[in-house]
Amino acid sequence: MRNFKRLTLSMALLLAGCSLAPDYQRPALPVPQQFSLSQNQLVTSPTGYQDSGWRQFFVDPQVKVLIDEALRNNRDLRMATLKVQEARAQYRVTDADRYPQLNAESSGNWSGKLKGDTRSTREYEAGLNLSVDLDFFGRLKNMSEADRQNFFASEEARRAVHILLVSNVAQSWFNQRLAFAQLQVAQETLSNYERAYALVEKQLVTGSTNVLALEQARGVIESTRSDIAKRQGELAQANNALQLLLGSYAKLLDDARQNVGDINGVTLPPSLSSQILLQRPDIMEAEHALMAANANIGAARAAFFPSITLTSGISGSSSDLSSLFSTASGMWNFIPKVELPIFNAGRNQANLDLAEIRQQQSVVNYEQKIQNAFKEVADALALRQSLTDQIRGQQRYLTSLQITLQRARALYRNGAVSYINVLDAERSLFATQQTLLDLNYARQVNEITLYTALGGGWLE
């Protein structure tokens, strides 16, 4: 018994083997150290700007309610959570192989002859078996490390899904509001066209206009009705897209309610380092995958070396249960086993080549994700000032068109211009209103894109 305890202790001390995995070094960023400072509207801000929660970023209470509902019900987020649990369980399974395996065994045997008066014999056995792999070359350690890094990667993948969901819900909500606003503008324009048609019809009776003007007025009415039907379809599609993200098909909130605000714009320091991209969950996921690939190389290298397994046990056997655990019926065993790979048709070398190739793929994947992230942030920053300038220009143009329309109507009533001049002014006003709505929506989406591209949307 004493020898068994000593053996158990010795094997436990030998569990911490060496590792043949290459030393991990984070690849250099394949992008500039800083984002361009031209046309980015960068302003001084306190530290921790990238840690702003989505509840502080989104001002509209309706957006917050919808995001909360999506975080509770969205199936993509549920699946990501289940994948985290799956990766955690897989890591526990693999890590358990690094530790001694202790099993209890018991059996009974009854035997006798088919003929004769000989009584049957009985034999009882019970014992404990201890088995451990001496991981001198780190095969089990590296396999466990690979699954541990895969577990961390799954957590980052879930965080990425969380951020993307917040972004998509917000964008879908603003898209729904855009469709509703465009429908309202089209309906108001139709009302103006119908009033104008009634006026032209009266003037036709008095002879102050002609049939051509009446037909032109009727034409723009039918064209606007067609546009209204289009906007109604777009609004229905926007509602369906939003409900899919929410994971429920309950009645949506009132999109006609007066807004109290949309979003708090992202404020950034004058010199924005590209190091901020390393906080993005998709890049952190790629880095953990790279670490896992490094560990798999270590496991593949260890397969070239001997594997040592120690098995030890104590047991007792007796024909009577009462004496099964007595000292006289006990025995012990110790079985060392060494396996040395000699020939396997190049399997170990192929596994090592495969692990090294996958590690190189992980490096490329990591660099690609950084480059894509850099482009997302750079594009959002570059579009910021452009959208602001476009919105200001369209607002000035809209004011000018409103004045032009008023004057065209006055001149038409006095007979100074034809009705086609009024129609041209009304069509230009309608188109500019729609363009301004599109630009405001694009500004909101761009701000959300910048916020999520910097890794925001995870914190509450």
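None of the figures in this text is laboratory data; all of them are computed from the coordinates on show. Note that the structure is predicted; figures quoted are calculated from it, not measured. Don't worry about glycine lacking a Cβ; one is built from the backbone with ideal geometry, like all the others, and counts go over all protein chains shown.
Observations, loosely collected:
- Segment 176-193 and segment 387-448 have Cα centres separated by 14 Å.
- For the chain, the convex hull spanned by the alpha carbon atoms encloses 287 Å³ per residue.
- Note: relative contact order over the chain, using C-alpha pairs below 8 Å and six or more positions apart, is 29 percent.
- Scattering from segment 351-460 was approximated by placing one identical point on each alpha carbon and applying the Debye formula without solvent; log10 I(q)/I(0) at 0.10, 0.12, 0.14 1/Å stands at -0.55, -0.65, -0.75.
- Descending by average beta-carbon neighbour count within 10 Å, the peptides 179-189, 335-345 line up as 179-189, 335-345, the highest first.
- Farthest towards the positive end of the charge dipole of segment 271-382, among the residues Phe374, Gly346, Val364, is the Cα of Gly346, using unit charges on the Cβ of Lys, Arg, Asp and Glu.
- Counted by Cβ distance under 14 Å from Gly316, the other residues give a net charge of -4, where Lys and Arg count +1 and Asp and Glu count -1.
- Equivalent ellipsoid, segment 51-163 (semi-axes from 5 times Cα gyration tensor eigenvalues, Å): 57, 22, 9
- Note that segment 284-422 shows a convex hull volume over its alpha carbon atoms of 356 Å³ per residue.
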